[in-house]
Structures are given as C-alpha cells and as structure tokens.
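The values are calculated or read from the model by the stated rules, or taken from the named source; none is laboratory data. Since we're looking at a predicted model, the values are computed, not measured. Cβ placement follows ideal geometry from the backbone for every residue including glycine, while neighbour counts extend to all protein chains displayed. What goes into the accessible areas is simple: the full protein's heavy atoms, side chains included, and nothing from ligands, DNA or RNA. Shrake-Rupley method; radii C 1.70, N 1.55, O 1.52, S 1.80 Å.
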Amino acid sequence: MSEDKPGILGQIREKLVASKEKWAREGRLLTGERAGAERLPPGQRLVRDWPVLDLGIQPHVAPADWQLAVDGAVANPLNWDWRAFMAAPQVESVSDIHCVTAWSRYDNRWQGVSARHLLDLVKPLPEAKHVIFHSHDGYTTNVTLEMFSAPDVLLAHSWEGRPLTRQHGAPVRIVMPQYYFWKSAKWVRRIEFSSADKPGFWEVRGYHNTGDPWKEERYG
Ligand SMILES: Nc1nc2c(c(=O)[nH]1)N[C@H]1C(S)=C(S)[C@@H](COP(=O)(O)O)O[C@H]1N2
Ligand SMILES: [Mo]
C-alpha cells in the first residue's frame, strides 16, 4: 500500500464528502419554501373543493334581471344592467380564498370588472370613506374605501372561465382576496359609498370589522 493513497477510512470519508458536495450542487433537502413567505394564513387549512357558505337563501337572479346600483357619496352614481357591466373592461385575477371557518383555497381564477375601474367611473366624493355591499339575500358587508381600492378587488361574473353558479353568487359577486371571504358579497345588487361606517351582517354579530386573515382578525 503506497503512502500517498488514502487508507480505507480516508476512502469512505472522501466518498461521504463527495456525496455531500453533490447534494449541495443539487440543492437537496431544499423545499423551495422561504421563511416569512408562508402562503397559508395562521389557523387555516387548505382544501381542494369549494365549500358553499351563506344564510340558506340562494337567490335566483338571471343576468337579464340583474342590475347594479352604485350610489351614495359619489360624483357620478350609476346603474348598470348586464349589458353595461359586460361592456366595461374585463380583467382576470388569480387569488386565494380564506374563509373564517378555517378553510383556504388556492389559485381561484376570477373574471370580471375591477373595483379600480368602477372607482374611475363613479368618482367617490372626498367624504366617502366606507363601502357597503348589499345583496339580493338581504346580506350586507362593509369595507373601507381603501380596502375596496386594492388592485385585486373584482366584481366577478366568472370563475375558472365559467359563469358563477347560483350557489357561489351568480350573476355577480364581489371578490376581496386580502380579507376573509365573508367580505366577498355574493349576489351583489348595490354598492353604497358612505362617510359613515355601516357594519354588515356578520360584523354586527361578533365578527371583525376588517377581517385580515394574516392578522387573524376573526372576531372583534
Ligand atoms: N350575499 C351573500 N354573500 C355572502 C354570504 C352570504 O350569506 N350572502 N356569505 C359570505 C361568507 S360567510 C362566505 S365564507 C362566502 C362564501 O362564498 P362561497 O359560498 O362562494 O364559498 O360568501 C360570503 N358572501
Ligand atoms: Mo364565511
């Protein structure tokens, strides 16, 4: 055995080092997750299906019968029928759903009209600070004008390229991706701008006024 060749232990160690170097090159054991980049808000669990939640009334509103009133503290109130709504610029937006009952659903592809476009048309007055959604089942929910002005807020008519089903709020629902899903009013018929806040159905029943899932604002 020559002196410049490693002994049996040396050979094993070289093999070990070589395989660990290979791991490093391949990035083995890396999950692709970054600390602080968690996608599931605290206390939520991921689901693949899409649960239906409402007050037990699922109004049947045909597109031909649907109208949307946008009124209150705005310079240009408007009343859209289906044709006017569909003539507005259409956008697509992919977002996650976080329901306060602890299910989350990733990658929902919504189609509709952006809140930003609506704001450009109606022009909220300086005193407008709150937005209240009114629905055909008597449901209401409130957000601030700032929340409503986020670029990902939609008046959605379709999900994954197909018209919303009645149970999910057809023909038009709000989508507010950054808040618990109770803020996303189904079967919307009126969007009211107001200087005063008007807590909605769940907000007066112990639920948080804002509902940010990242802050776990469930109750309040
Ligand atoms: N008009 C109306 N919108 C509503 C509700 C409702 O009862 N009526 N429930 C809210 C709640 S609590 C949730 S979690 C979501 C559920 O939407 P989904 O049934 O499409 O999953 O709708 C929200 N929007
Ligand atoms: Mo909910």
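A few remarks follow.
- Checking the stated criteria, ASP120 turns out to be over 17 Å from the mean Cα position of the chain (by Cα) and either open to solvent by less than 50 Å² (accessible area, probe 1.4 Å) or more than 16 Å from ligand 2 (Cβ to nearest atom) (or both).
- Number of positions in region 135-167 that are within 9 Å of ligand 1 (Cβ to nearest atom) and over 14 Å from the mean Cα position of the chain (by Cα): 10
- Scanning region 204-216 for residues that are farther than 17 Å from GLN178 by Cα and either touching a Ser or Thr at 6+ places or on another chain (Cβ under 9 Å) or of a type in the set (Lys, Arg) (or both) yields a count of 1.
- Candidate set from region 64-101 (those that are open to solvent by less than 70 Å² (accessible area, probe 1.4 Å), within 30 Å of ASP49 (Cα to Cα) and among the aliphatic types (A, V, I, L, M)); member that is nearest to ligand 2 (Cβ to nearest atom): VAL100
- For region 147-157, the count of residues that are in contact (Cβ under 8 Å) with a residue 40 or more places away in the chain and open to solvent by 30 Å² or more (accessible area, probe 1.4 Å) is at least one.
- Within region 168-200, considering residues that are among the hydroxyl-bearing types (Ser, Thr, Tyr) and within 12 Å of ligand 1 (Cβ to nearest atom), the one farthest from ALA75 (Cα to Cα): TYR180
- Looking only at residues in region 178-196 that are buried (at least 22 other Cβ atoms within 10 Å of the Cβ) and in a strand (DSSP E or B), the one that is nearest to ligand 2 (Cβ to nearest atom) is VAL188.
- The numbered conditions (1) within 19 Å of ASP81 (Cα to Cα); (2) within 15 Å of ligand 1 (Cβ to nearest atom); (3) crowded, with 22+ Cβ neighbours inside 10 Å are all true for VAL131 except (1).
- Scope region 166-177; condition under 15 Å from ILE57 (Cβ atoms) and assigned to a loop (DSSP other than H, G, I, E, B); matching residues: GLY169, ALA170
- Region 36-67: number of residues that are away from ligand 1 (no atom under 15 Å from the Cβ) and free of Cβ contacts under 8 Å to residues at least 60 places away in the same chain: 5
- Of the residues making up region 164-176, those that are open to solvent by 20 Å² or more (accessible area, probe 1.4 Å) and either in contact (Cβ under 8 Å) with a residue 60 or more places away in the chain or touching a helix residue (DSSP H, G or I) at 6+ places or on another chain (Cβ under 8 Å) (or both) number 2.
- Taking region 198-208 as the range and being open to solvent by 60 Å² or more (accessible area, probe 1.4 Å) and assigned to a loop (DSSP other than H, G, I, E, B) as the test, the residues that pass are LYS198, PRO199, TRP202.
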